[in-house]
Amino acid sequence: MLLNNDEFLAALAELFVATRENGSVTVTVKRYDYEGVKQERQKKRAKTASNEEAMQLIVDRLSLDDAEYATLVRANTEKRKLSTLVAPSSLDVFLARYHGLLMVNAESIKKKDRLKKKKAAVKLLAAKKARSKKSTVKA
């Protein structure tokens, strides 16, 4: 569901609260290209064209330009999908508000098990060093 920026952030806050105990929210941010239909046509032509023509179409599509693009922000849960388009002029304001929203809801983010594994590896290494010191002292 495409929402305006304020509605999107309010709905995103609700999603964070709803999934605090159980569930997850996936947020993606990417450049929104206004010429999506044109690219689809180019893809179809590339499939039917020769290899050289297909490569040229891909290079043309990937060439850098100075145009400013809107930003597409999506949020998904298992049951709900939200999206908004952020204009280039209001991107800084939107990202600041989004950052504040993430900071408020950061306590519900699960810590990775990687930290536990790292601590266990450090303890194991310390134990090995202690053993090697004991064996060198006895000898």
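No lab work stands behind these numbers, since they all come straight from the coordinates. All values derive from a computational prediction rather than experimental measurement. Heads up, the Cβs are rebuilt from the backbone with ideal geometry, glycines too, and the neighbour counts pull from every protein chain shown.
Below is a table of values for the structure above.
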| read-out | value |
| --- | --- |
| Label-point separation in nm, Glu7 to Lys79, each point 7 Å along Cα→Cβ | 2.0 nm |
| Pairwise label distance in nanometres, Lys118 with Ser90, each label 7 Å out on the Cα-Cβ vector | 3.9 nm |
| Cβ-based net charge around Ser83, under 13 Å, with every Lys or Arg adding one and every Asp or Glu removing one | +3 |
